[in-house]
Amino acid sequence: PPLGSVASTAVGGTMVVVSIAKYLPQIRRILRTNSVTGLAPVAYYGDSLVFWAKSTYHLRRGHPVTAWGELMVLFFQNAFIIGLLHKYRAPEVGIRTTQLRIARDVAAFSAFALILSKLPDSFLPFLSVFTAPLLIASFSSQIETNYRRKSTGRLSRGTIILRLFGSIVRLTTTITQLGGDLPVLINHALGVVGCTALLGQIFWYRRFGEPEPEAGDKEALLVVSRRLESAFSLKSATRMWRSLGGFDTDEASSKMIRAAFKKLDTGGSGYISLEDVAIALEKSNPGFSVETAQRMIQFADRDGDGKVNFSEFVLIIDSCGIEFECY
């Protein structure tokens, strides 16, 4: 066989092995911060459909494992991330609802896989074309979410870089191994464009945007703390209050707010004192100053008694939906 073909086959095989690590940075970031804030579910559902559809296309076409092996690995990693999305959003929607959503996902993907396996051979060319709109929807959803929130949240730079590298390499191997299959080339080109756009947003918002503190993300919390100490910012204070309460998204039911208030009210006095805030901040990061706790109390204390009662707590938490968009 031609040297170029042998080289592309070797590269394809390497990509299958490397794909095992492609989504690990994203998974690690989620597990480290215990948060999925900023991750667009549509993006991961769309990617899962794309990975499975493209795998089916290559398998039905009789292409070598180097063409579809990576996609199959990425599908299962992506499915795991969807599972994490359900896990960390369970407190917001309830265990029962989460279980129903997981069952719905399993049933939907199973039906999708069955339909693709029964698809007539004459429709296979359209299958590859079908994934292009899914890719556009997937990338657009995450890009739009980042733009709307002015932050990339828990999105992993490492995973995006690996995806970009993979798409670039696949452009080459598609030309040499698959004879320049146009629909496949378009898909990989979309991957390059989408990943480049996401990397641009990651660079911009993490450099010039406002970090969003999450439980477990001590670095972001400390940055916001320092900003509070240097300038009064209602938006920053609200984000820190929501972080201490365990709120990762806009959704905050009355039951969730009541539970968060009781958690912060360590003495059961019916209000959150400066000491309560200081204790909560100390647990998040020992580097916080008393001034940070004082600023947070000042922002939430509407009646000027130096404490935060439940009504005031509700107002500061709900500021994300009334005065500005926090997520």
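Worth pointing out:
- D248 satisfies every condition listed in (1) of a type in the set (D, E, K, R); (2) within 25 Å of Y147 (Cβ to Cβ); (3) at pLDDT 75 or above except (3).
- Unmet requirement for G46, which otherwise passes all of (1) farther than 30 Å from L119 by Cβ; (2) at pLDDT 90 or above: (1)
- Residue within segment 29-40 that is on the phi > 0 side of the Ramachandran plot and small (G, A, S) present: yes
- Applying the criterion of being over 14 Å from F80 (Cα atoms) and surrounded by 20 or more Cβ atoms within 10 Å (Cβ to Cβ) to the residues of segment 25-38, the residue that is modelled with the highest pLDDT is G38.
- Top-ranked residue of segment 6-24 - restricted to ones that are open to solvent by less than 40 Å² (accessible area, probe 1.4 Å) and not hydrophobic (A, V, I, L, M, F, W, C), ranked as modelled with the highest pLDDT: Y23
- Scan of segment 64-81 for residues that are over 18 Å from the mean Cα position of the chain (by Cα) and surrounded by fewer than 17 Cβ atoms within 10 Å (Cβ to Cβ), ordered by number: P64, V65
- Answer from S122, S128 - the residue that is in contact with a helix residue (DSSP H, G or I) (Cβ under 8 Å, 6 or more places away or on another chain) and either in contact (Cβ under 8 Å) with a residue 12 or more places away in the chain or more than 24 Å from R154 (Cβ to Cβ) (or both): S128
- Among (1) among the hydroxyl-bearing types (S, T, Y); (2) assigned to a helix (DSSP H, G or I); (3) touching a residue at least 24 places away in the same chain (Cβ under 8 Å); (4) open to solvent by less than 50 Å² (accessible area, probe 1.4 Å) - the single one Y45 does not satisfy: (4)
- Within segment 82-131, tally of residues that are over 26 Å from K255 (Cβ atoms) and either assigned to a helix (DSSP H, G or I) or open to solvent by less than 60 Å² (accessible area, probe 1.4 Å) (or both): 24
The values are calculated or read from the model by the stated rules, or taken from the named source; none is laboratory data. The model shown is predicted, which means the values in this text are computed figures rather than measured ones. All Cβ positions, glycine included, derive from the backbone under ideal geometry; neighbour counts span all protein chains shown. With ligands, DNA and RNA removed, areas are computed over all heavy atoms of the protein, side chains included. Shrake-Rupley method; radii C 1.70, N 1.55, O 1.52, S 1.80 Å.
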